[in-house]
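Novice: After the structure tokens below, expect a handful of questions from me.
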């Protein structure tokens with residue numbers, strides 16, 4: 001997984017380093033970017049760990065509440081990412097964000 005954050009990097013340089021791990025789900029990529037276990041991620045969002053597991057295994061797609069989206073977007077911003085860096089489709093599991 002290639003992830004870099006530096007104020008010295010331009011946005012375009014940062015984007016070239018943002019790649020999703022091969023075979024991983026977008027939710028798992030986000031969770032790992034946040035350095036959270038499934039349990040921590042579930043607790044942080046106020047959902048069941050089984051829900052996170054289903055999402056990561058492709059057995060459901062996230063339906064985040066506005067509060068959850070705010071948490072996610074704020075944390076992404078803190079790490080030098082934005083919601084625009086995420087793919088348009090939750091089923092994207094490899095390659096660069098679209």
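The values are calculated or read from the model by the stated rules, or taken from the named source; none is laboratory data. Since we're looking at a predicted model, the values are computed, not measured. Cβ coordinates were reconstructed from backbone atoms using ideal geometry, including for glycine residues, and neighbour counts include every protein chain displayed.
Novice: Please tell me if residue 27 is under 17 Å from residue 90 (Cα atoms), buried (at least 16 other Cβ atoms within 10 Å of the Cβ), modelled with pLDDT of 95 or more and touching a helix residue (DSSP H, G or I) at 6+ places or on another chain (Cβ under 6 Å). Talk me through it step by step, then tell me what you get.
Specialist: Details: under 17 Å from residue 90 (Cα atoms): yes; buried (at least 16 other Cβ atoms within 10 Å of the Cβ): yes; modelled with pLDDT of 95 or more: no; touching a helix residue (DSSP H, G or I) at 6+ places or on another chain (Cβ under 6 Å): yes.
No: the conditions fail for residue 27.
Novice: May I ask you to verify whether residue 56 is surrounded by 15 or more Cβ atoms within 10 Å (Cβ to Cβ), touching a helix residue (DSSP H, G or I) at 6+ places or on another chain (Cβ under 6 Å) and modelled with pLDDT of 90 or more?
Specialist: Working: surrounded by 15 or more Cβ atoms within 10 Å (Cβ to Cβ): yes; touching a helix residue (DSSP H, G or I) at 6+ places or on another chain (Cβ under 6 Å): yes; modelled with pLDDT of 90 or more: yes.
The answer is yes for residue 56.
Novice: Taking the criterion of being touching a helix residue (DSSP H, G or I) at 6+ places or on another chain (Cβ under 8 Å), surrounded by 15 or more Cβ atoms within 10 Å (Cβ to Cβ) and outside any helix (DSSP H, G or I), would at least one residue in region 33-45 satisfy it?
Specialist: yes
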